[in-house]
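Reviewing the structure listed below.
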Amino acid sequence: MALDAVAASARIHPSAIVAPGAVIGEGAGIGPFCTVGADVVIGAGAVLTSHNVVEGHTEIGEGVMLAPFASVGLAPQDLKYKGEPTGVRLGARSQLREHVTVHRGSVGGTGMTVVGTDCLLMACSHVGHDSVVGNGVILANNVMLGGHVKLGDNCFLGGGAAIHQTVRIGRQAMIGGLAGVTNDVPPFGNAFGLPARLVGLNVIGLRRRGFSRENLHALRAAFRLIFRDPGTFQERLSAAEAQFAGDALVEEVIGFLRSTERRRDLIRPGRMTAEFGTDEEEG
């Protein structure tokens, strides 16, 4: 190992194996029986607790914590992968709990799997190759993301949820535990079931993030119009676009829906009447 690649204040346990070429930042800690590959960069203050494996062209952000047996940057589970130099980026202060796996990208995708800042990946969750996880995302225990999945900022995915490859989930959405998601979920939505269906807004999450009563009223009305009112989907979408012109949050939802390439790629509504409730419930 090149001595100038390891900060003087870094703490490396004698049983850890750090390959020559790895870069270890100030105050980083590498605990017992960890293995760090030659193309890995570990940021300042990051901690590999024990029995962690980090490989590939992987960047571990400042203050990241890997709990025992979490692994980052191993080869993608893709039969087309032939050892190409792909990698992972983990954002600052994210936590990967026990047995989490984040696989590196593939040449069939962007070549990079990305996890944003301040994320919590609970025990045994998995992030597949070429996926992009936004900032502040929480994956509960045993969540499974297929390859090329995209999660917006501040999503919450309940325990055991499975997200099919290439699916997009907009920001501030909530996915219920054990849901099987095979279609795109719009921003601020709440999806549940197997197969998952859109059942309303992520009202609790939006309140916790400081969204106003007026924000919730507008989003609720827009969701009713787009997903429940009569008419074709394109007619309803155009009506919402006209009715809520200038509302940034509703426009974000409409932009997401219009960017989905095929209508059948969007999640279908579930029992919208019951789960949307009434505006009075927000007071």
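The values are calculated or read from the model by the stated rules, or taken from the named source; none is laboratory data. Since we're looking at a predicted model, the values are computed, not measured. Positions of Cβ are backbone-derived with ideal geometry, glycine not excepted, and every protein chain shown enters the neighbour counts.
Has segment 131-148 got at least one residue that is crowded, with 24+ Cβ neighbours inside 10 Å and out of contact with any Leu (no Cβ under 8 Å at 6 or more places or on another chain)?
No: segment 131-148 contains no residue that is crowded, with 24+ Cβ neighbours inside 10 Å and out of contact with any Leu (no Cβ under 8 Å at 6 or more places or on another chain).
Quick one: count up the residues across segment 156-172 that are assigned to a loop (DSSP other than H, G, I, E, B) and basic (Lys, Arg).
1
Among the residues of segment 73-85, is any within 23 Å of Phe256 (Cβ to Cβ) and either in contact with a strand residue (DSSP E or B) (Cβ under 8 Å, 6 or more places away or on another chain) or buried (at least 18 other Cβ atoms within 10 Å of the Cβ) (or both)?
No.
Going through Ser212, Ser238 one at a time, which residue ends up being polar (S, T, N, Q) and either in contact with a Leu (Cβ under 6 Å, 6 or more places away or on another chain) or within 20 Å of Asp265 (Cβ to Cβ) (or both)?
So the residue among Ser212, Ser238 that is polar (S, T, N, Q) and either in contact with a Leu (Cβ under 6 Å, 6 or more places away or on another chain) or within 20 Å of Asp265 (Cβ to Cβ) (or both) is Ser238.
Could you please find all residues in segment 177-195 being over 20 Å from Val250 (Cα atoms), out of contact with any His (no Cβ under 9 Å at 6 or more places or on another chain) and either surrounded by fewer than 20 Cβ atoms within 10 Å (Cβ to Cβ) or aromatic (Phe, Trp, Tyr) (or both)?
Those that are over 20 Å from Val250 (Cα atoms), out of contact with any His (no Cβ under 9 Å at 6 or more places or on another chain) and either surrounded by fewer than 20 Cβ atoms within 10 Å (Cβ to Cβ) or aromatic (Phe, Trp, Tyr) (or both): Gly177, Leu178, Phe192, Gly193, Leu194, Pro195.
Got at least one residue in segment 74-83 being farther than 19 Å from Gly25 by Cα and in a strand (DSSP E or B)?
For segment 74-83, residues farther than 19 Å from Gly25 by Cα and in a strand (DSSP E or B): present.
For segment 121-140, what are the residues that are touching a residue at least 40 places away in the same chain (Cβ under 8 Å) and on the phi > 0 side of the Ramachandran plot?
Listed by number, the list holds a single entry, Asp130.
This table checks each residue for (1) assigned to a helix (DSSP H, G or I); (2) not aliphatic (A, V, I, L, M).
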| site | (1), (2) |
| --- | --- |
| Leu178 | no, no |
| Leu206 | yes, no |
| Ala218 | yes, no |
| Ala221 | yes, no |
| Pro230 | no, yes |
| Leu237 | yes, no |
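Condition (residue is assigned to a strand (DSSP E or B), basic (Lys, Arg) and in contact with a strand residue (DSSP E or B) (Cβ under 9 Å, 6 or more places away or on another chain)) applied to segment 96-116: is it met by at least one residue?
No: segment 96-116 contains no residue that is assigned to a strand (DSSP E or B), basic (Lys, Arg) and in contact with a strand residue (DSSP E or B) (Cβ under 9 Å, 6 or more places away or on another chain).
Of (1) part of a helix (DSSP H, G or I); (2) under 23 Å from Gly91 (Cα atoms), Asp153 satisfies all except one. Which?
In the conditions (1) part of a helix (DSSP H, G or I); (2) under 23 Å from Gly91 (Cα atoms), Asp153 misses (1) alone.
So is Glu280 of a type outside the set (A, V, I, L, M), under 16 Å from Leu206 (Cβ atoms), modelled with pLDDT under 95 and out of contact with any Lys or Arg (no Cβ under 9 Å at 6 or more places or on another chain) or not?
The answer is no for Glu280.
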